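Student: For reference, the structure I am asking about is given below.
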Amino acid sequence: MKFLNKILLWTVIIMAVAFGLSGYLFVDSVFRTSLEREVGKALDDSSILQFAFETAALNIPTKYNVLQDAAVEQIGSKLESSGQGSGRFLRLSNEEKKVLYASVGFPEDTSLLQQILENTRTWQVIPLGEHYYIHTGIMINTLDRNLYLETLEDVTEVFEERTQGFAVYRRVTLAMLLISTVVMFLICTWLTKPIRLLAQATRKMAAGDYSYRASQVSSDELGQLTMDFNSMANVLEGTIGELKEEVRAREDFIAAFAHELKTPLTAIIGYADLLRSRKLDEEKHFLSSNYIYTEGKRLENMSLRLLDIIVTKRERVELQPVETKIFSTYLEDMYAEHRQQELRFSFQEGTVWAEVNLLKSVLLNLVDNACKASREGGLVKVSGRKAAEGYCFQVEDQGVGIPQEELQKVTEAFYMVDKSRSRSRNGAGLGLALCAEILRLHGSELQIRSQVGQGTCISFVVPDRQEGNGVKEA
């Protein structure tokens, strides 16, 4: 059952119970008030008849001052005739509670008669056919006789009024319930609209429409819930986008990795098969062996770079203060015999917090990439200087440059701007990906500026750190 119908159903049930109970109590209260009034009137009439009987008894001549049974019957007949048309019945009984006189139609039941005591007035309501009567009883003490007077007063009208009251109230209750049901349906529809909108948004998102948002139609708790749901949907959409991008990157990584493996392996297998299947002259034998060696070194270099990336993602590093002179000396020694490009090194003296071998790997990769991107004889500048937030390293070349639309992709594994040029120099597109991971451990990142045909400038800043706090988690 829908939430709207549940609210409506329980509201109607509660209102029906409330209307029914309140109506019953109201009609019953009116009935009891009317009945009490009729009972008081019947008891008063009984007292009047008692006085009239005593007065009549004193006026009847009696022998030996004893009231005869015949006189009692005579007085009873007169009292009944005086009340004709009033719907009143009476009965007179002697000391032994034997009936001396009774109106026609008076019931034979004597249960109330047995309860009459001296100086008490007893009453009860009894049904006779389709009518209701108030049955009263009182003791009369006159001329040394104790007699019992009973009366019946017709109060059917009071019970009929109660029945009519219940009937009217039932009709009113039904009408009120119908009107209330319609009103409550409209109210419940309005109150549950935010829930329906949230349910619709949930179904849309479950079907894959992550951009769908629920409309906010109120500012109460349900409105706040809608805002929270939309905020959650925004986060979810962003997370799903990131996951999709990550999945795409992994698929691209696997595809690139498979492709990068296929090229050198094809060459290695082909030239190895050539060496195995036929006898070659010395020059061709050397060229074939050289191809196998070159492609093997390329595979080795790629595997080492991949291993370094995996290690930097999983391990922790311990940062220590390092003199920047160490890096300049290391690079100058590494490229002392380099003749294809002109390299210039310029480092300000300073201290950086770093893991020395990892930072050497970053600089070596950046310089190597700059040399590969430069034309023969091109200039590559490697510099270091103090900055406000730390120490800035910079590698600048005058090579082919990187298109603006590809700047965001160059740190992805296996991504190469010029694939043919990179492969010809044993490149696999892993250098900048490794640099990005190492710098992440140092709290830094690559800053790349480039223009096609004019060159590329890559820099990063190693931030200053407090001594004694040199441990960095991966």
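Student: Which one of these is in a helix (DSSP H, G or I), among the β-branched types (Val, Ile, Thr) and crowded, with 17+ Cβ neighbours inside 10 Å: Val172, Val158, Val182?
Tutor: Val158
Student: Can you pull out every residue in region 347-369 that is over 20 Å from Glu389 (Cβ atoms) and either touching an Asp or Glu at 6+ places or on another chain (Cβ under 6 Å) or hydroxyl-bearing (Ser, Thr, Tyr) (or both)?
Tutor: Ser361 - this is the single residue of region 347-369 that is over 20 Å from Glu389 (Cβ atoms) and either touching an Asp or Glu at 6+ places or on another chain (Cβ under 6 Å) or hydroxyl-bearing (Ser, Thr, Tyr) (or both).
Student: Here is a list of conditions, (1) at pLDDT below 90; (2) open to solvent by 80 Å² or more (accessible area, probe 1.4 Å); (3) not basic (Lys, Arg), and Gly241 meets all of them except one; can you say which number that is?
Tutor: (2)
Student: Next question. If I ask for residues that are assigned to a loop (DSSP other than H, G, I, E, B) and either open to solvent by less than 90 Å² (accessible area, probe 1.4 Å) or farther than 14 Å from Lys193 by Cα (or both), which ones from region 217-230 would you list?
Tutor: Answer for region 217-230, where residues must be assigned to a loop (DSSP other than H, G, I, E, B) and either open to solvent by less than 90 Å² (accessible area, probe 1.4 Å) or farther than 14 Å from Lys193 by Cα (or both): Val217, Ser218, Asp220.
Student: OK, next. When region 357-384 is examined, which residues are found to be on the phi < 0 side of the Ramachandran plot and exposed (fewer than 15 other Cβ atoms within 10 Å of the Cβ)?
Tutor: Of everything in region 357-384, those that are on the phi < 0 side of the Ramachandran plot and exposed (fewer than 15 other Cβ atoms within 10 Å of the Cβ) turn out to be Asn357, Arg375, Glu376.
Student: Which one is surrounded by the most Cβ atoms within 10 Å (Cβ to Cβ), of the residues in region 104-132 that are in contact (Cβ under 8 Å) with a residue 12 or more places away in the chain and charged (D, E, K, R)?
Tutor: Among them, the one singled out is Arg121.
Student: Quick check on Val17: is it open to solvent by 90 Å² or more (accessible area, probe 1.4 Å), out of contact with any Phe, Trp or Tyr (no Cβ under 9 Å at 6 or more places or on another chain), within 30 Å of Leu178 (Cα to Cα) and not hydroxyl-bearing (Ser, Thr, Tyr)?
Tutor: yes
Student: Identify the residue in region 205-216 that is over 24 Å from Cys188 (Cβ atoms) and not small (Gly, Ala, Ser) and, among all such residues, is surrounded by the fewest Cβ atoms within 10 Å (Cβ to Cβ).
Tutor: Ranking the qualifying residues of region 205-216, first place goes to Asp209.
Student: Ok, one more. Can you name the condition, by its number, that Met416 falls short on among (1) at pLDDT 80 or above; (2) in a loop (DSSP other than H, G, I, E, B); (3) open to solvent by less than 30 Å² (accessible area, probe 1.4 Å)?
Tutor: The one condition Met416 does not meet is (1).
Student: Considering each residue of region 388-404, count those that are open to solvent by 60 Å² or more (accessible area, probe 1.4 Å) and either in a loop (DSSP other than H, G, I, E, B) or touching a residue at least 60 places away in the same chain (Cβ under 8 Å) (or both), and give that number.
Tutor: 4
Student: Next up: Return the residue satisfying two criteria in turn: it lies in region 325-357 and is of a type in the set (Gly, Ala, Ser) and more than 18 Å from Asp464 (Cβ to Cβ), and of such residues it is farthest from the chain's Cα centre (by Cα).
Tutor: Per the stated criteria, the residue is Ala336.
The values are calculated or read from the model by the stated rules, or taken from the named source; none is laboratory data. Every value quoted in this text rests on a predicted model; they were computed, and no experiment measured them. Don't worry about glycine lacking a Cβ; one is built from the backbone with ideal geometry, like all the others, and counts go over all protein chains shown. To get the accessible areas, we keep the full protein, side chains included, count just its heavy atoms, and leave off ligands, DNA and RNA. Shrake-Rupley method; radii C 1.70, N 1.55, O 1.52, S 1.80 Å.
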